[in-house]
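Structure record follows, encoded as structure tokens.
A short reminder: the numbers here are calculations on the coordinates, not readings from a lab. The structure presented is a predicted model; accordingly, all values stated were derived computationally and were not measured. Quick reminder, even Gly has a Cβ in these numbers, built from the backbone with ideal geometry, and neighbours come from all protein chains shown.
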Amino acid sequence: MTTTSTDTEAQATADYVRFAQAEAAHIPDFPQDLPLRPVNQVAVIGAGTMGGGIAMALANIGIPVTLIDSSEKGLETGLRRVRDNYAGSVSRGKLEPAAMETRLSRIKGSVALADAASADMVIEAVFEDMALKQQVFRDLDGLCKPGAILATNTSGLDVDAIAAVTHRPQDVVGAHFFSPAHVMRLLEVVRARDTAPDVIATLMDLGRRMGKTAVLARVYPGFIGNALFRNYTREAHFLVEEGALPHEVDQALTDFGYAMGIFAVHDMAGNDVGYQTRKAQIATRPQDRRWNDLILKLTELGRLGQKSGKGWYRYEPGSRQPLRDPEVETFIEQESARLGIARRPISADEIIKRCVYGMVNEGAKLLEAGVALRPSDIDTVYLTGYGFPARHGGPMYYADRIGLREVYADIQRFHAEHGYWWEPAPLLERLARDGKTFADYQRGKA
């Protein structure tokens with residue numbers, strides 16, 4: 001049987017993905033024999049979808065969990081959701097009924113924060129609000145035993161600011177799980193300024209025990225994953241303002257290898273997710289750059305997505321199949337006109353370049369800032385948590401395959417055409433100028 005170049009490329013990509021995931025476990029400045037802190041009992045604060053999923057992920061590996069919520073109603077709802085999730089696994093033949101009961105027996109509910117006092121680790125999973133999280137950590141600081149690990153499940157808030165309200169910043173760490181937390185394989189471990197090495201190592205090891213791929217990040221808005229994702233979504237929305245329609249962007253992305261396009265994802269998650277936060281930011285955001293508020297306007301029109309039967313697409317009753325909607329397409333065209341943008345045909349090639357190269361450029365900035373340790377860590381985050389097509393190996397590996405000179409030239413062009421958001425990363429500029437790759441950069445750092 002003849003091996004084709006396509007087969008060879010596919011094998012090389014698969015080998016790289018395995019290497020990248022294994023490499024993520026290695027932290028250069030930690031000794032390999034660093035003793036870990038014991039994690040025999042955990043408290044999870046917040047019994048919502050995320051908190052319940054984290055509790056399940058822990059119970060699945062035999063760790064007793066106290067799931068704590070601020071209200072009896074919230075706790076009851078959360079525990080019922082956990083039971084229903086396990087029951088769904090039983091009905092699909094994925095879990096034995098006896099195993100379900102064993103796992104449920106490891107999760108105890110409570111409405112008393114004081115029940116976190118004896119935990120070896122506490123994972124906070126409350127609403128994404130800095131003031132609320134800081135208050136929880138103030139309370140935990142006074143309750144928890146010395147040496148307990150205090151982890152926040154924030155998806156992008158400043159972990160240093162959360163640690164600062166405690167008298168034990170060395171014990172505070174970011175633990176960004178992805179929803180549903182008992183299923184998704186990625187765990188971003190966020191190293192704050194004062195986080196002790198054994199806290200990081202313990203959480204990385206716990207992620208491995210839960211069957212997850214743990215990737216280390218430094219404090220930065222959105223850490224690794226959401227920092228890049230902002231660029232991906234922003235360009236998709238700008239493309240729609242400039243002439244593409246939602247189904248055209250989504251078609252280009254699915255042809256590239258994504259399981260779903262970004263606008264179908266918005267509709268599935270709910271266009272109102274984060275609405276209040278984004279709305280509040282309008283008054284103070286910088287005015288020297290372009291912003292996109294289409295998703296806010298869709299929310300205000302009641303186009304919330306699948307749950308309202310209409311969003312970027314329309315949905316027939318009982319169906320999740322996205323269908324083109326002339327109403328929203330007319331609305332988009334009117335918004336372009338209001339913004340003074342002359343709409344134009346946009347190719348699939350431009351859609352992919354602007355969505356993916358924006359992530360590559362941001363990734364290069366994160367590497368230079370030390371937010372991400374390695375290009376392969378960025379790729380691992382995107383392959384395990386964000387649905388980046390495995391056949392492309394991750395955004396940084398994909399850029400290497402295209403050639404960084406070519407990628408950089410396109411980013412320079414986009415910067416000239418679109419301004420602020422496309423300012424080239426200095427690291428990318430240097431690598432392109434020197435004929436190097438991100439893989440060369442990683443080998444040099446090693």
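Straight-distance candidates among the aspartates and glutamates for linking to Lys297, with alpha-carbon spacing under 15 Å and chain neighbours fewer than 8 residues away dropped: Glu241, Asp267, Asp272, Glu327, Glu329, Glu333, Glu335. For the chain, the longest principal axis of the alpha carbon atoms and the long axis of helix 225-242 meet at an angle near 30°.
Among Lys73/Lys145; Lys94/Lys212; Lys365/Lys436; Lys73/Lys212, which pairs are too far apart, with a Cα-Cα distance over 20 Å? Cα-Cα > 20 Å for Lys73/Lys145; Lys73/Lys212; rest within. Among the chymotrypsin sites (Phe, Trp or Tyr not before Pro) in the range 71-179, which ones are in a DSSP loop with at most 16 other Cβ atoms within 10 Å of the Cβ? Mind listing them? Within the range 71-179, the qualifying chymotrypsin sites (Phe, Trp or Tyr not before Pro) (loop, at most 16 other Cβ atoms within 10 Å) are Phe127.
Take every DSSP beta bridge whose two residues both sit in the chain; close to 25 percent of them are antiparallel. The mean sequence separation of alpha-carbon pairs under 8 Å and at least six residues apart, normalised by the residue count of the range 244-338, gives a relative contact order of 23 percent. So in the range 42-218, what percent of DSSP beta bridges are antiparallel if you round to the nearest 5? About 15 percent, rounded to the nearest 5. Cross-link check: pairs Lys108/Lys133; Lys279/Lys307; Lys279/Lys353 evaluated at a Cα-Cα cut-off of 26 Å; pairs beyond the cut-off: Lys279/Lys353. Entry for the range 244-338 at q = 0.12, 0.13, 0.16, 0.18 Å⁻¹: log10 I(q)/I(0) = -0.40, -0.47, -0.71, -0.88, Debye formula applied to identical alpha-carbon scatterers, no solvent contribution. Each Cα pair under 8 Å and six or more residues apart adds its sequence gap; the mean of these over the residue count of the chain is a relative contact order of 14 percent.
Here is how the number arises for the chain: DSSP H runs of 4 or more residues each give -39500 (n - 2.57), the sum is divided by the residue count, and the result at 222 nm is -16000 deg cm²/dmol. In sequence order, the range 290-299 has phi-based couplings of 7, 10, 10, 10, 4, 5, 5, 5, 4, 4 Hz under the Karplus curve 6.51 cos²θ - 1.76 cosθ + 1.60, θ = phi - 60°, and Gly or Pro positions carry x. Normalised by residue count, the range 119-163 yields a Cα convex hull volume of 65 Å³ per residue. Return one quarter of the surface area of the convex hull spanned by the alpha-carbon atoms of the chain, equal to its mean projected area, in nm². Average projection, Cα convex hull of the chain: 24.1 nm².
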